[in-house]
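Notes follow the structure.
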Amino acid sequence: MEIKTGKTIFISAGDISGDIHAAHLVQAMKELDPTVRVIAIGGPRLKTCADEFVLDLASQGLIGFIEPLKKLPLFFKLIKQVRTILQTRKPAAFIAVDFYGLNHQFLKVAKAENIPAYYYVTPQVWASRQYRAERLAALTKKMYVIYPFEPAFHKTRGGNAVFLGNPLLDKMPAPLPKNFEIEDPTSYAWKLGLLPGSRRGEITRLTPVFYQTFKQLCKQYPNLQAYIFLLPDADEKTFIDLMGEEPPANFHFVKETDYKVRSQMDFLLACSGTATLENALLGVPMLVAYKLFAPTYFIARLVVKVKYISLVNLLVDKPLVKELIQQDATVQKCVQVTQDMFAHPHQLADMHRQLLALRSSLGEPGVAKRAAADILGDL
């Protein structure tokens, strides 16, 4: 099916994962409608597929309650710039992708200019500050949510939300079969993956913890191989500086976009966030660690209304993966959890099975194309 509208669409993403989802949506739109023109705020992936790129906001590494305050001058300037574009160019639609903070301000500008707005990958307002759901309902024509329970949540708050599947399925390969029948765990060549996060603060706080965990585990598991997963444009020296030394030969840096190496891991130490759901879709067992800037964590405890910090545990509504948060995210506890999993491979096998069951509940690939067709059909 090919649609020809000749329309201009403004799309905004504010972080790395949102940039990836937004780029997939834009590519799907352009496949369906080669005449569509896209103005974008986002990151490097949106920059490659947009016709006009305003700012790389995704690389600013904005997270939390306190840290973004340092960027207020940039935010005010950007809101003004978006208002000018919407007033003078009158795009056919505004699409926000994740990242509530600035996107909420942009949506208010679009509403004032009578430009229909859509939200692709709606922020998880069900987890904290649920009053935001009513705001989104008032500012959007339609929301494309990523978990099957979300349409009902938004409907009770006046929102038009649809679940077309989780967009991570568009980029995730099929999980590899795994064999956890291991006779001698101590001599086994375990593959341990490290995912310290994508934002500067996450990387700074978790890289040393994960690296020292690896070093401690090597004492008991001499054939252990570790792999730290970095963004494609990440500087390895940044991580070496945080580790405090050049790593040994059994420690590997990985920059990949196809998940081939990550899918081979036996166990992962992962920062809380999108990566944990990616791991689940790959069927790779994990523990989840998270350390926030102290004032940010204090505020988060007041506003977050869910039992778990990891998406995996939230979706299955039980502590399937171990969570180590703030003062619990230590080398000692990471080592203890990993040793327990290695010593009892049947636990790894059971977690692998439950993660694959979770994958089957999140829909089928082709999410971006379905959303693109829906939006273009409206236009």
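The table below lists the values:
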| quantity | calculated |
| --- | --- |
| Cβ pairs under 7 Å, 6+ apart, first in segment 75-94 and over 10 Å from ALA110 (Cα atoms) and among the small types (Gly, Ala, Ser), second at pLDDT 95 or above and open to solvent by less than 90 Å² (accessible area, probe 1.4 Å) | ALA92/THR8; ALA92/ILE9 |
| Positions within segment 33-54 being touching a residue at least 24 places away in the same chain (Cβ under 8 Å) and not in a loop (DSSP other than H, G, I, E, B), in sequence order | ARG37, VAL38, ILE39, ALA40, ILE41, GLY42, PRO44, ARG45, LEU46, THR48, CYS49, VAL54 |
| Residue in segment 172-190 that is farther than 30 Å from TYR144 by Cβ, modelled with pLDDT of 95 or more and among the small types (Gly, Ala, Ser) present | yes |
| Within segment 140-179, tally of residues that are open to solvent by 20 Å² or more (accessible area, probe 1.4 Å), within 30 Å of GLN339 (Cα to Cα) and either in contact (Cβ under 8 Å) with a residue 24 or more places away in the chain or part of a helix (DSSP H, G or I) (or both) | 4 |
| Identity of the residue in segment 316-337, part of a loop (DSSP other than H, G, I, E, B), free of Cβ contacts under 8 Å to residues at least 40 places away in the same chain and touching a helix residue (DSSP H, G or I) at 6+ places or on another chain (Cβ under 6 Å), that ends up surrounded by the fewest Cβ atoms within 10 Å (Cβ to Cβ) | PRO319 |
| Set ASP374, ASP340, ASP350: member being closer than 30 Å to MET29 by Cβ, part of a helix (DSSP H, G or I) and charged (D, E, K, R) | ASP374 |
| Residue in segment 1-34 that is surrounded by the most Cβ atoms within 10 Å (Cβ to Cβ), counting only those that are modelled with pLDDT under 95 and of a type in the set (S, T, N, Q) | SER17 |
| Test for LEU348: is it farther than 30 Å from ASN179 by Cβ, more than 19 Å from the chain's Cα centre (by Cα), open to solvent by less than 70 Å² (accessible area, probe 1.4 Å) and of a type in the set (A, V, I, L, M, F, W, C) | no |
| Residue that is farthest from the chain's Cα centre (by Cα), among those in segment 224-237 that are in contact (Cβ under 8 Å) with a residue 12 or more places away in the chain and open to solvent by 70 Å² or more (accessible area, probe 1.4 Å) | GLU236 |
| Residue match in segment 201-208 (condition: β-branched (Val, Ile, Thr), surrounded by 17 or more Cβ atoms within 10 Å (Cβ to Cβ) and modelled with pLDDT of 95 or more) | yes |
| Qualifying residues in segment 285-315 (those that are of a type in the set (Val, Ile, Thr), assigned to a helix (DSSP H, G or I) and at pLDDT below 85) - the one nearest to ARG199 (Cα to Cα) | THR296 |
| Residue selected from segment 101-115 under the condition open to solvent by 20 Å² or more (accessible area, probe 1.4 Å) and touching a Leu at 6+ places or on another chain (Cβ under 8 Å), by the criterion farthest from TYR147 (Cα to Cα) | GLU113 |
| Any hit, segment 56-78, residues being open to solvent by 30 Å² or more (accessible area, probe 1.4 Å), in contact with a strand residue (DSSP E or B) (Cβ under 8 Å, 6 or more places away or on another chain) and modelled with pLDDT of 95 or more | no |
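Okay, residues lined up against (1) over 21 Å from the mean Cα position of the chain (by Cα); (2) among the acidic types (Asp, Glu); (3) farther than 30 Å from PRO247 by Cβ:
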| position | (1), (2), (3) |
| --- | --- |
| GLU134 | yes, yes, yes |
| PRO173 | no, no, no |
| TRP190 | yes, no, no |
| GLY197 | no, no, no |
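The values are calculated or read from the model by the stated rules, or taken from the named source; none is laboratory data. What you see is a predicted model; the values in this text were computed from it and never measured. Positions of Cβ are generated from backbone atoms using ideal geometry, with glycine treated the same way; all protein chains shown enter the neighbour counts. Surface accessibility is based on the protein's heavy atoms, side chains included, excluding ligands, DNA and RNA. Shrake-Rupley method; radii C 1.70, N 1.55, O 1.52, S 1.80 Å.
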